[in-house]
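The values are calculated or read from the model by the stated rules, or taken from the named source; none is laboratory data. Quick caveat: nothing in here was measured; it's all calculated off a predicted structure. Reconstructed Cβ throughout: ideal geometry from the backbone, glycine too, with neighbour counts over all protein chains shown.
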Amino acid sequence: MPIKSKIRTIPDWPKKGIMFRDITTLLKDPEGFKLCMDDFCRRYKDEKIDLIAGVEARGFVLGGALASMLGVGFVPIRKKGKLPAEVEQETYEKEYGPDILEIHKDAVEKGQRVLIMDDLLATGGTAVAAINLIEKLGGEVVEFAFIVNLPELGGHTKLKDRGATVYYQVEFEGE
């Protein structure tokens, strides 16, 4: 039972021409979600990871679950205005215009090794902003982990050009 078969595609959402890859169907399937998380656990169990940072919102689900499995801490990277303590910000471009991500200034200590997780890699704007936030706080990004990569949108290339290592479980190419 491959992970890809558990991901629903919703045509023309949130706007015409977009093929939205919905992982909620994977998350609600006990076997599919376990397969997904076991794969991440196998990949990272022998890595020296101090923290997992999850990008809002689905990165919270994945990152929190993996942090528990690996026995490491979890920190959220959120949209502007959602975190209560002092934050570091990073502005980035989405296909609909600029947005801002934030992380607590005390979330990462200098030299900590951080795995960043999100559900899907599209254009890479959010991912680059997340890396920038971790590095601003003095953390070292070990890798960026996704369930889905959409290669035609160029995010993987953008992250590689930024010097990031990327892992993804499935790819939807022009499908």
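Of the residues making up the range 116-130, just one is assigned to a helix (DSSP H, G or I) and within 18 Å of ALA67 (Cβ to Cβ), namely ALA130.
Got a number for residues in the range 137-175 being outside any strand (DSSP E or B) and under 15 Å from VAL75 (Cα atoms)?
Going through the range 137-175 one residue at a time, the tally reaches 3.
Look at the range 18-42: where a residue is over 14 Å from LEU62 (Cβ atoms) and modelled with pLDDT of 95 or more and a partner is of a type in the set (D, E, K, R) and surrounded by 13 or more Cβ atoms within 10 Å (Cβ to Cβ), sitting 6+ places away or on another chain with Cβ atoms under 6 Å, you get THR25/LYS6; ASP29/LYS6. Out of LEU51, LEU26, LEU62, one residue alone is more than 18 Å from GLY139 (Cβ to Cβ), surrounded by 19 or more Cβ atoms within 10 Å (Cβ to Cβ) and touching a Lys or Arg at 6+ places or on another chain (Cβ under 8 Å). It is LEU26. When ILE103 is tested against (1) under 19 Å from TYR44 (Cα atoms); (2) part of a strand (DSSP E or B), exactly one condition is not met: (1). Screening PHE33, PHE40 for residues that are of a type in the set (Phe, Trp, Tyr) and surrounded by 20 or more Cβ atoms within 10 Å (Cβ to Cβ) leaves exactly one candidate, PHE40. Pairs meeting the criteria (first residue in the range 1-13 and exposed (fewer than 12 other Cβ atoms within 10 Å of the Cβ), second residue modelled with pLDDT of 95 or more and of a type in the set (A, V, I, L, M, F, W, C), beta carbons under 8 Å, at least 6 apart or on different chains) are MET1/LEU35; PRO2/VAL170.
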